[in-house]
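Have a look at the structure below, then the notes.
The values are calculated or read from the model by the stated rules, or taken from the named source; none is laboratory data. Remember, predicted model here, so these are calculated numbers, not experimental data. Here the Cβ is made from the backbone with ideal geometry for all residues, glycine too, and neighbour counts use every protein chain on show. Areas reflect the complete protein model, heavy atoms only, side chains present, ligands, DNA and RNA absent. Shrake-Rupley method; radii C 1.70, N 1.55, O 1.52, S 1.80 Å.
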Amino acid sequence: MLIGHFEYLNPYLDDWRLTETSPSKTASSADGEIGVYGNGGELSQYSSDFSTTPTTEGALTQNERWSGEIVLTGSVTVDWPQRLLIDPGTRIVMPAKAKLVINSLAHIVGTVVSPIIFEADNGQWGGIEIKSTASVTAIRHTQISGATNCIYLEGGAHEISHNILQGCSNGIYVNTGAPLLDNNLIVENSGYGIYIYNSNANPKIRYNTIDQNGGIGLGSRGYNHSSAMVVQNNIIT
């Protein structure tokens with residue numbers, strides 16, 4: 001059985017134990033847990049090191065954990081094997097045209113009371129780009145504004161949920177992949193709320209409110225999308 005990242009307690013923080021609701025808890029031939037912790041499996045604690053000194057321009061050279069206020073001076077790239085964790089309540093100030101590009105793995109997860117905020121400094125920035133080489137990445141409880149595309153997605157089954165995407169050219173641009181886009185408020189962008197570029201992109205678009213965008217709320221380059229694409233329970237006005 002294949003295991004999705006979101007069946008683990010927190011793989012981004014080195015915890016690959018299964019959640020209590022994971023179907024893999026009872027998927028073995030003996031109706032028990034599968035994977036490394038099945039059959040009485042025990043491990044010593046595995047831990048990665050994270051630097052708390054942010055890279056403000058260029059490629060990460062080690063794992064990083066951002067918190068507080070981070071002022072970037074240019075584009076930042078996260079390549080294999082590095083990963084980026086951003087703590088709840090972090091504010092990231094982006095210079096004009098700069099991007100945050102994820103080629104490996106990132107965990108950008110705030111909370112309702114402590115969202116992660118991305119904002120422009122002195123001109124439109126380039127947005128968050130998750131590329132085709134990236135592993136499953138989560139962007140939750142963020143407020144993103146002032147970018148070309150608030151979020152650009154290229155491949156993968158990433159989770160983009162519970163975000164406020166406002167004042168960008170486009171809210172979410174889906175090039176390829178099968179991302180989960182749910183419970184997002186996508187408003188006041190000058191172009192599209194959500195734009196789907198390729199006919200082989202299969203996003204699951206559920207429970208979003210998309211309003212007051214200058215272009216089309218939900219648009220597509222083509223109409224021959226596969227039946228794997230899901231659009232349910234959204235308000236698009």
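With all protein chains in place and a 1.4 Å probe, the accessible surface of the range 81-145 carries 48 percent carbon and sulfur.
Per-peptide packing, taken as the mean over residues of other Cβ atoms within 10 Å, places 166-174, 25-33, 105-113 in the sequence 166-174, 105-113, 25-33 from highest down. In this structure, Phe50 and Gln232 have a Cβ-Cβ separation that, at R0 = 30 Å, corresponds to a calculated FRET efficiency of about 0.20.
About its Cα centre, how strong a charge dipole does the range 1-100 have in debye, to the nearest 20, once Lys and Arg get +1 and Asp and Glu get -1 at the Cβ? Don't skip to the end; give the middle numbers.
Values: 7 positive and 13 negative charges, 87 e Å.
That gives the range 1-100 a dipole magnitude of about 420 debye.
Once backbone amide H atoms are built at 1.01 Å from N, Val231 has Ile205 as its partners under 5 Å, excluding neighbours fewer than 5 places away on the same chain.
Stretching Thr21 away from Lys97 to a fully extended chain increases their span by 23.1 nm, per 0.36 nm per residue minus the current alpha-carbon distance.
Our coupling estimate for the range 205-220, obtained by passing each phi through the Karplus curve with A = 6.51, B = -1.76, C = 1.60 and θ = phi - 60°, is 10, 9, 6, 9, 10, 10, 8, 6, 9, x, x, 9, x, 10, x, 9 Hz, Gly and Pro reported as x. Per residue, the average separation of C-alpha pairs within less than 8 Å and at least 6 apart gives the range 107-179 a relative contact order of 31 percent.
Please name which of Ile144, Ser24, Asn39 has its Cα lying farthest along the dipole of the chain towards the positive end, using unit charges on Cβ (Lys, Arg +1; Asp, Glu -1) and the Cα centre as origin. Toward the positive end, the furthest listed residue is Ile144.
A simple rule links phi to the HN-Hα coupling: the Karplus curve 6.51 cos²θ - 1.76 cosθ + 1.60 with θ = phi - 60°, which for the range 28-45 gives 6, 5, 9, 6, x, 7, 9, x, 5, 9, x, 6, x, x, 10, 10, 5, 5 Hz, with x for Gly and Pro.
When Lys and Arg each count +1 and Asp and Glu each count -1, what net charge do the other residues less than 13 Å away from Ser145, Cβ to Cβ, add up to?
With Lys, Arg at +1 and Asp, Glu at -1, the net is -2.
Taken one residue at a time, the phi angles of the range 183-188 give Karplus couplings (6.51, -1.76, 1.60, θ = phi - 60°) of 6, 9, 9, 10, 9, 6 Hz. Gly and Pro are set to x.
In the context of the full set of protein chains, residues of the chain present 48 Å² of accessible surface per residue (probe radius 1.4 Å, heavy atoms only). Once the C-beta distance of Ser67 and Glu42 is scaled by a Förster radius of 22 Å, the resulting FRET efficiency is 0.10 to the nearest 0.05.
Below 8 Å, C-alpha to C-alpha, sequence gap of six or more: please give me the relative contact order for the chain in percent.
Relative contact order comes out at 10 percent.
Only Cα pairs under 8 Å and 6+ residues apart enter the sum, and on that basis the relative contact order of the range 20-73 stands at 21 percent.
Each other residue within a Cβ distance under 12 Å of Ile70 adds +1 if Lys or Arg and -1 if Asp or Glu, for a net charge of -4.
In terms of the Cα gyration tensor, with a ≥ b ≥ c the square roots of its eigenvalues, is the range 82-125 rounded because a/c is under 1.5, prolate because a/b exceeds b/c, or oblate? Oblate. Amide H to amide H distances under 5 Å link Ala59 with Thr77, where only residues 5 or more positions off or on other chains count and H is placed in the peptide plane.
Measuring between their Cα centroids, the range 135-150 and the range 17-66 lie 23 Å from each other.
Close amide-amide hydrogen proximity is noted between Thr111 and Gly89, Ile116, each under 5 Å apart and 5 or more residues distant or on a separate chain (H modeled in the peptide plane; Pro and chain starts excluded). Look at where the Cα atoms of the range 159-180 and of the range 85-130 average out, and the two centres are 13 Å apart.
Listed by chain and number, the aspartates and glutamates placed with their C-alpha closer than 14 angstrom to that of Lys97 are Glu57, Glu119, Asp121, Glu129; residues fewer than eight positions away on the same chain are left out. Here the dipole of the chain is about 560 debye; that uses its Cα centre as origin and unit charges on the Cβ of Lys and Arg (positive) and Asp and Glu (negative).
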